[in-house]
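For reference, the structure is listed below as C-alpha cells.
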Amino acid sequence: MPSLPAGTVTFLFTDLEGSTRLLQHLGDRYAAILQEYRRLLHAACRERGGREVDTQGDALFVAFPRAHDAVAAAVSAQQTIARHRWPEDVSVRARMGIHTGEPLKTETGYVGMDVHRAARICQAGHGGQILLSQTTSDLIEDDLPVGVGLRDLGRHRLKDLAQPQHLYQVVAAGLPGEFPPLRSLDAHPNNLPIQLTSFIGREREMAAIANLLEQHRLVTLVGAGGSGKTRLSLQVAAHLLDAYPDGAWWVDLAGLIDGSLVPEAVAAVLRVREQSGTLLLTTLGDFLQPRTALLLLDNCEHLVAGCGQLAEALLQRCPGLRILATSREGLAVGGEALFPVPTLSLPDPAHLPPPEALGQYEAVRLFAERAATVSPAFKITARNAAVVAQICHRLDGIPLAMELAAARVTVLSPEQIASRLDDQFRLLTGGSRTALPRHQTLQGALDWSFQSLAEPEKSAFRRLAVFAGGFTLQAAEAVCAGEGIATADVLDLLAHLVNKSLVVVEDREDDRRYRLLEPTRQYARDRLREVGEIDGTRARHVEWFLAFAEETEEKLHGREQVTWLRRMETEHENLRTALEWTVAGDHWSTALRLAAALAAFWELHGHITEGRRRLDEVLSRSAGASLPPLRARGLYAAASFAADQHDWPQAKTLASESLTLYQESGDTRGEAAALRLLGTVARWQSDYEAAAGLYQQSLSSYQQVQDTRGVALANRSLGELARAQKRYPEAAARFTASLELFREVGDKASISHTLYLLGLTAR
Ligand SMILES: Nc1ncnc2c1ncn2[C@@H]1O[C@H](COP(=O)(O)OP(=O)(O)O)[C@@H](O)[C@H]1O
Ligand SMILES: [Mg+2]
C-alpha cells in the first residue's frame, strides 16, 4: 500500500456504538444505515488527507500525516453524524480514538504498539466521544482546529495492560460534552498486572479463546514453559473484562508448594476472609455464587489436583463464574476445554518474503521489538532479515527463547546470535538437524544465555532461584551477597540480568519487584543445586524473611498496619517457603520464631486454618527441642488460633502451657497475654467469675510493663465480660477507655472492632 503515510503518523480509530444491538433491531435495514454512516466518515476523513488503512464491519482505521487534520476530521465526522437525519428509531453514534506514533509500515498496513494503543483508546470511549492520547494532545495543543478544545480526563489503564495513559476528550460545538466514566480497565475491578513490555499479535488465539469461554466455563491454556500462556491469558482477561462486572482476578500459583492451599491463594486475591467454622472453599463459593467474574489460575502444572478440585467445586456452585487456567497439562476436570497455545507465527526461511513483509510474523516482531528496547537503533533491514528469520526458526517461535536471544543484540550482531545458537543446538542434538521438543529448545536458549553471563552474574542468578513469588532489591541483596558478591554489587548484577531477560521487573503500587519466570527459575534452581549452594542460599533467604517477619510483627498493630499487612501478603509465598525449609531442616528455634512472628499476620488477614495447622505442626515436631521462651510464644499463638475457631478445650490447654512457660522465664508481657486468653476461654464457657479474675490479672500485668495496647486489650476484654453479664454502663466505659488507647497506638483493626462492640452495647 504505497500511498500510506510513513514516519510519524496519527491514527484515527472509529467504531459504531452498539452495532450488534442495531443489527438485531434493524435487521435488513442495517446494511443501508451502515453504508450511510461509512460514507459520512469517509468523506470527512478524505477531506482532511486521511488514508484508510482498514475497514472491518462498522470499524474504520484511518492514518493521517498530521495530527491536526486527524482531530479536525474526527470533529467534522462527529458533527455530520450528529446532524444527519437518521430514521427515527435509530441512534447512530461513533466512538473515536486518536493516537500518534511511529509504527512499522508493512505491505498490508501498519504494525506496532501504537496501532493497538489507538484502537484501545477508541474502545475506552462512548458513542459521540473523541479521545486523544497524550502524544497527540502534545502535538496539537498549540494548533487546535478553530472552535475545538481539550478536556483533561486524567490517567486511565487501557486494556493493553500497559502503564496508565493520560487521555483527553475533544470538546467542540455540536458534540455532547458529558459522558459516563471511560470504559477503561478501571471500569471493573481486577488485579491484572501492568506489563512493562509490549504485547504482540495473537489476535486469532484471543478470538478463539473468547469463543471457547462462551461455551465452556473452564478453559485451560496448555503448552510448554515460556510459550506465552500467562501473557495470553492476561490479555484475554483484559479484553473480556466488560463481560465480567465483578472483575477478572489473576492468581499466580507458581510459588505455591502445597496444593491444599489453592483456595487460600484464591481467597487472598479476592480478599475473602476465612470464617471460623466454615471451610474456606465454601466461603469462597458463597462469595462468588452471586457474582459474574473471571478467575485466572496461572501456573497450575504442579498443583493439577488441587486446582481441579477448586475449579470443579466453584464452577458447580457459581453460575456466573468462568475460569481460565494455564498449565503444562490439562486439569482433567469434566467440562474443561483445552487450548494448546501455539508458538508465535514464523516465516519459512526457505521462502522468505521481502523484509517489509516480515512484520506480519509474530516471532519476528517480538524479536525486533525486544531488540529495539535494549538497542534502540535496531531495525529489520534487507541485510538482516534472513538471519532474523533463521533465529526465529531456530528458536521455534517460543516467546521466552526469542526474548533471551533478542536481549543479546547489545553485544552481538544477528549473524553472531544465529551462528552461536546453531552451535548450541548442535551440541544438544548431537549434530542432527532434527527439530527438538519445545522444552529442549527453551533449555538450549537458557543454557546459551546463562553461559554468556560473567561469573558474579551467574552466581547471583542461581541464588535468585530460592525466591518464591518475586522479591525486592533489598531481599536480593541479602540473599545474593556473600561468597564472591558484595551487597553493593547486587543492584548492578540485577540490572544486567534484567537486560538479558533472565529477570523480569514488575512495578507495583508501592515498590518495584523482580521475578524470574517459572521456566527460568527452574533452570536457575538446577544450576544452584549443581554448585552445591542450595542450603547456604536458603539459609540466607530464611534469615532475611525471619527478620522481615519479626520486624513487621511490631508494625502490624500500629499506624502503618494496612501497608504492612499488604507487604506481608505480597511476601506470603516467600514466608511460607522459608517456614517449610526450616521445618524440613529441623531448625526448630528458627521455625518457632518464624511461625510465632507470622501468627499475628495470619490472624489479622484471615489465614486462620493455615496458621493453626502450621503452628500445630511446628509445635508437635519441635516438642523434643528444649526452647522454653520460644515455645511459650508458639503455644500462645496456637492457643489463640484454637480460640478463633472456638475450640475452647484446646485453647485452654495450650494457653495454660504457655502461661507456665512464660512464668518460668519471667516474661510478664507474655503472661499477660496468656492470662487474657484464658479469661476469654472462661468467659465463653460462662465461668464469669474465673474470667473476671484472669482479666484483672492480665490488666495489671500489662500495666506493670506499661504496654499501652495490652492495657487496651485487657480493658476491652473486661468490657466484653461486663456486656455478657448485662452490666452495660461498665461495658461502655471499658470500651471507651480501650478505644482511646487503641487510637493512641493507631491500631485500626482494634479500633474498628472496639467501635463495633460499643455499638452493640448502645443497642
Ligand atoms: N504475544 C506476546 N507478546 C509479547 N510478549 C510475549 C507474548 N507471549 C509471551 N511473551 C513473553 O514471553 C515470555 C514468556 O511468556 P509467558 O506467558 O510467561 O509463558 P508461559 O506462561 O507459557 O511460561 C514472557 O516474558 C512474556 O512476556
Ligand atoms: Mg506462565
- Message: Which count do you get for residues in segment 94-116 that are part of a loop (DSSP other than H, G, I, E, B) and buried (at least 19 other Cβ atoms within 10 Å of the Cβ)?
- Response: 2
- Message: Among the listed residues 475, 468, 524, identify the single one that is outside the structural domain of residue 590 (by TED's automatic domain parsing), under 24 Å from residue 592 (Cβ atoms) and within 16 Å of ligand 2 (Cβ to nearest atom).
- Response: 468
- Task: Output the residues belonging to segment 192-241 that are among the polar types (S, T, N, Q) and either within 10 Å of ligand 2 (Cβ to nearest atom) or within 22 Å of residue 370 (Cα to Cα) (or both).
- Result: 195, 197, 198, 227, 230, 233, 235
- Query: Residues in segment 730-745: is at least one in contact (Cβ under 8 Å) with a residue 40 or more places away in the chain, in a helix (DSSP H, G or I) and surrounded by fewer than 22 Cβ atoms within 10 Å (Cβ to Cβ)?
  - Reply: yes
- Message: Please verify whether residue 251 is within 16 Å of ligand 2 (Cβ to nearest atom), in a strand (DSSP E or B) and farther than 22 Å from residue 520 by Cα, treating the condition exactly as stated.
- Response: no
- Inside segment 476-526, the number of residues satisfying the requirement of being touching a residue at least 12 places away in the same chain (Cβ under 8 Å), surrounded by fewer than 20 Cβ atoms within 10 Å (Cβ to Cβ) and closer than 19 Å to residue 409 by Cα is 4
- Task: Take segment 673-729 and flag every residue that is closer than 26 Å to residue 555 by Cα and not in a helix (DSSP H, G or I).
- Result: 705, 706, 707
- Item | Failed condition for residue 63, given (1) touching a strand residue (DSSP E or B) at 6+ places or on another chain (Cβ under 7 Å); (2) more than 26 Å from residue 156 (Cα to Cα) | (2)
- In the set 171, 148, the lone residue that is outside the structural domain of residue 243 (by TED's automatic domain parsing), among the hydrophobic types (A, V, I, L, M, F, W, C) and surrounded by fewer than 17 Cβ atoms within 10 Å (Cβ to Cβ) is 171
- Note on the structure: Here the residues within segment 473-498 that are modelled with pLDDT under 90 and either assigned to a helix (DSSP H, G or I) or in contact with a Ser or Thr (Cβ under 7 Å, 6 or more places away or on another chain) (or both) are 484
- Query: Would you say residue 82 is closer than 23 Å to residue 183 by Cβ, surrounded by 18 or more Cβ atoms within 10 Å (Cβ to Cβ) and not aromatic (Phe, Trp, Tyr)?
  - Reply: no
- Looking at this structure, is residue 135 in a helix (DSSP H, G or I) and more than 22 Å from residue 9 (Cα to Cα)? no
- Task: Test residue 267 against the criterion of being buried (at least 18 other Cβ atoms within 10 Å of the Cβ) and in contact with an Asp or Glu (Cβ under 6 Å, 6 or more places away or on another chain), and give yes or no.
- Result: no
- State yes or no: is residue 234 within 14 Å of ligand 1 (Cβ to nearest atom), under 19 Å from the mean Cα position of the chain (by Cα), within 16 Å of residue 339 (Cα to Cα) and surrounded by fewer than 23 Cβ atoms within 10 Å (Cβ to Cβ)? yes
- Query: Are any of the residues in segment 190-209 within 16 Å of ligand 1 (Cβ to nearest atom), farther than 25 Å from residue 504 by Cβ and either in a strand (DSSP E or B) or of a type in the set (A, V, I, L, M, F, W, C) (or both)?
  - Reply: yes
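The values are calculated or read from the model by the stated rules, or taken from the named source; none is laboratory data. Small disclaimer: the values here were computed from a predicted structure and weren't measured. In this analysis, Cβ positions are derived from the backbone assuming ideal geometry, glycine residues included, and neighbour counts consider all displayed protein chains.
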